[in-house]
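Engineer: Submitted below is the structure of interest, expressed as structure tokens.
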């Protein structure tokens, strides 16, 4: 389970400064998500995210996710997820030529994608880059993540916290927001959904593969 909060830039920087002053930094990494879909947005329409990710140029993976379901709290994201590690050659082939071998995916691991076998290929439509800083917050099992995202000449700022105890963790982050007078933006879309909205607005309704260098 993930808690996600979108912040304005000034609130995000204030939170980041507070965390630097009061907690230990575990890591700071650069990662890029390359999103895939068909020309008619089949995956988007089914609530499915398909992406390849590059982390610091040394780790590569392919991930499938289903859309979250509502549990009464919009900031709580619960998804079925399947991630497959990739070598660089496979990663590069997907970037340049799409993913034409979807039948190699073990669909039994990911039941929501039973119809995925009907798709012959999916292609990269664009990318979103994230500067991610992870903080170790006392008494919490998982790190608190601050994401600075850039995509299609846009930027946004997000707090993520994976947790097995969403109620307790939400109370902790809300305490921080209260102390720092931070008001999260009322937007609960995933990174991929925010990317797609901007992508459609900039490029029209037809999904055209973006040339990646």
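The values are calculated or read from the model by the stated rules, or taken from the named source; none is laboratory data. Since the structure is predicted, the reported quantities are computational estimates derived from the model, not experimental observations. Virtual Cβ from ideal backbone geometry, glycine too; neighbours counted across all protein chains shown.
Residue-wise test of (1) part of a loop (DSSP other than H, G, I, E, B); (2) modelled with pLDDT under 85.
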residue	(1), (2)
34	no, no
50	no, no
61	no, no
65	no, yes
73	yes, yes
79	yes, yes
83	no, no
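Engineer: Hey, does segment 18-31 have a residue that's closer than 22 Å to residue 189 by Cβ, free of Cβ contacts under 8 Å to residues at least 12 places away in the same chain and out of contact with any strand residue (DSSP E or B) (no Cβ under 7 Å at 6 or more places or on another chain)?
Structural biologist: Filtering segment 18-31 down to residues closer than 22 Å to residue 189 by Cβ leaves 31.
With the extra rule that they be free of Cβ contacts under 8 Å to residues at least 12 places away in the same chain, the set shrinks to none.
Checked against the condition, which is being closer than 22 Å to residue 189 by Cβ, free of Cβ contacts under 8 Å to residues at least 12 places away in the same chain and out of contact with any strand residue (DSSP E or B) (no Cβ under 7 Å at 6 or more places or on another chain), segment 18-31 yields no hits at all.
Engineer: What tally of residues in segment 166-203 results from selecting those that are within 20 Å of the chain's Cα centre (by Cα), buried (at least 18 other Cβ atoms within 10 Å of the Cβ) and outside any helix (DSSP H, G or I)?
Structural biologist: Of the residues in segment 166-203, 1 are within 20 Å of the chain's Cα centre (by Cα), buried (at least 18 other Cβ atoms within 10 Å of the Cβ) and outside any helix (DSSP H, G or I).
Engineer: I'd like to verify a number: residues in segment 131-165 that are more than 23 Å from residue 8 (Cα to Cα) and surrounded by 13 or more Cβ atoms within 10 Å (Cβ to Cβ), how many?
Structural biologist: Of the residues in segment 131-165, 4 are more than 23 Å from residue 8 (Cα to Cα) and surrounded by 13 or more Cβ atoms within 10 Å (Cβ to Cβ).
Engineer: Output the residue which, of all residues in segment 134-164 that are over 16 Å from the mean Cα position of the chain (by Cα) and part of a strand (DSSP E or B), is modelled with the lowest pLDDT.
Structural biologist: Among residues in segment 134-164 that are over 16 Å from the mean Cα position of the chain (by Cα) and part of a strand (DSSP E or B), the one modelled with the lowest pLDDT is 136.
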